[in-house]
Structures are given as structure tokens and as C-alpha cells.
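**Student:** Input: one structure, supplied below.
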Amino acid sequence: MFIYIYAYTIVMTKIISLSDEAYDRLKSIKGEKSFTKIVIELTEPRQKRSLLDYASVWKDNPEMDEIFKRLLAQRAKRDPRMDTTW
């Protein structure tokens, strides 16, 4: 007596139409990923983040310090009441 077991995986597929331009753009960013994974990644809702999450991003960055100093100096030229300490 033999017993055979068959396992079937049913995958739902959908056919969508894309312009050549849209297809080329998706294809250029997909790399080794599947088109399904790329579409899911691109359509995932973005998490809203607080501005406080970015508060210390530029801390201790000499290049950004210099940019802010120049920016404050330019503003001070336009408005002498401006505080230029950084």
C-alpha cells in the first residue's frame, strides 16, 4: 500500500499594465528583489517622526557649525537686531 501526499501552494497573481517608462523605473531600482517586494516597499505608509528626532543630528559637526555661522552673519547684515552668537 502506497500513500501519496501532494502539497500545492496557491499563489494569487494579478496582471497590471505599466507604461514602458514605469516598468523601466521599477526595474532600475529593484536589483535582486522581486517586483512584489519593491511595490510593497514603495507603498508602505511612512512613519511620522517628531522634529525632536532630528534635534542632535548636526551636533558637533564643524562643517555645519561654519554653515550656520555664515548664515547668521548674512542675516545680521540684513537685520542688525539679529543675535549672531552660535
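The values are calculated or read from the model by the stated rules, or taken from the named source; none is laboratory data. This structure is a prediction, so every number in the text was calculated from the model and none was measured. Quick reminder, even Gly has a Cβ in these numbers, built from the backbone with ideal geometry, and neighbours come from all protein chains shown.
**Student:** Output the number of the condition that residue 45 fails; it satisfies all remaining conditions of (1) farther than 30 Å from residue 11 by Cα; (2) assigned to a loop (DSSP other than H, G, I, E, B).
**Tutor:** Exception for residue 45: condition (1).
Yes/no matrix, rows are residues, columns are (1) of a type in the set (Asp, Glu); (2) at pLDDT 80 or above; (3) exposed (fewer than 10 other Cβ atoms within 10 Å of the Cβ):
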{"position": "14", "(1), (2), (3)": "no, yes, yes"}
{"position": "27", "(1), (2), (3)": "no, yes, no"}
{"position": "31", "(1), (2), (3)": "no, yes, yes"}
{"position": "34", "(1), (2), (3)": "no, yes, yes"}
{"position": "38", "(1), (2), (3)": "no, yes, no"}
{"position": "44", "(1), (2), (3)": "yes, yes, yes"}
{"position": "62", "(1), (2), (3)": "no, yes, yes"}
{"position": "67", "(1), (2), (3)": "no, yes, no"}
{"position": "71", "(1), (2), (3)": "no, yes, no"}
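**Student:** Here is a check on your reading of the model: is residue 55 of a type in the set (A, V, I, L, M) and surrounded by 10 or more Cβ atoms within 10 Å (Cβ to Cβ)?
**Tutor:** No.
**Student:** Among the listed residues 56, 28, identify the single one that is in a helix (DSSP H, G or I) and hydroxyl-bearing (Ser, Thr, Tyr).
**Tutor:** Details: 56 fails: in a helix (DSSP H, G or I).
Unique residue meeting the criteria: 28.
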